[in-house]
Amino acid sequence: MDERRSLRVSEAVREELSELIGFETADPRLLTVDVIDVHVSPDGKHATVRVGLRGTEKEQKQSLAALEHASGFLRHELAGRLSLRHVPELHFSQDKNQDVESRIDFLLKRAKKSRGRTENQP
């Protein structure tokens with residue numbers, strides 16, 4: 001598979017997985033999952049799916065386990081929605097950058113609140 005086709009397939013898989021996980025799975029552990037990026041291997045047989053997970057560390061682990069458990073269903077649905085010679089084996093990994101961004105947002109909000117309190121004091 002050439003690079004342009006690999007990018008198109010990766011984007012199509014990302015869009016469909018986002019739809020499937022967000023709206024068509026019944027597992028409540030998947031409500032906190034966002035599909036960030038998908039990279040399909042050149043042979044089209046494997047896909048690395050980077051996901052953003054919200055919640056506590058325990059909830060994030062449960063969400064990853066739920067994704068692994070649902071991978072057969074997700075592959076089956078992808079087969080019906082996309083015209084691919086091979087439906088890639090899905091490998092999920094957590095996008096740690098989202099955790100860093102959430103932490104930075106939290107710290108900025110806390111600093112803003114703290115600054116507001118010191119400005120109001122004489």
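The values are calculated or read from the model by the stated rules, or taken from the named source; none is laboratory data. Here the structure is a predicted model, which means the values were calculated and not measured. Positions of Cβ are generated from backbone atoms using ideal geometry, with glycine treated the same way; all protein chains shown enter the neighbour counts.
Take segment 53-73 and flag every residue that is among the polar types (S, T, N, Q) and in a helix (DSSP H, G or I).
GLN60, GLN62, SER63, SER71
Per the listing ARG29, ARG8, ARG4, the residue uniquely touching a residue at least 12 places away in the same chain (Cβ under 8 Å) and either assigned to a strand (DSSP E or B) or of a type outside the set (A, V, I, L, M, F, W, C) (or both) is ARG29. Suppose we keep only residues that are loosely packed, with under 13 Cβ neighbours inside 10 Å and at pLDDT below 90 within segment 1-23. Which one would you say is farthest from the chain's Cα centre (by Cα)? Among those that are loosely packed, with under 13 Cβ neighbours inside 10 Å and at pLDDT below 90, it is ASP2. For segment 39-59, taking the residues that are in contact with a helix residue (DSSP H, G or I) (Cβ under 8 Å, 6 or more places away or on another chain) and closer than 16 Å to ALA79 by Cα, the one that is surrounded by the fewest Cβ atoms within 10 Å (Cβ to Cβ) is identified as GLY44. For beta carbons closer than 9 Å, sequence separation of 6+ or different chains, a first residue in segment 73-88 that is farther than 17 Å from GLY22 by Cβ and a second that is part of a helix (DSSP H, G or I) and basic (Lys, Arg), the qualifying pairs are VAL87/ARG75; PRO88/ARG75.
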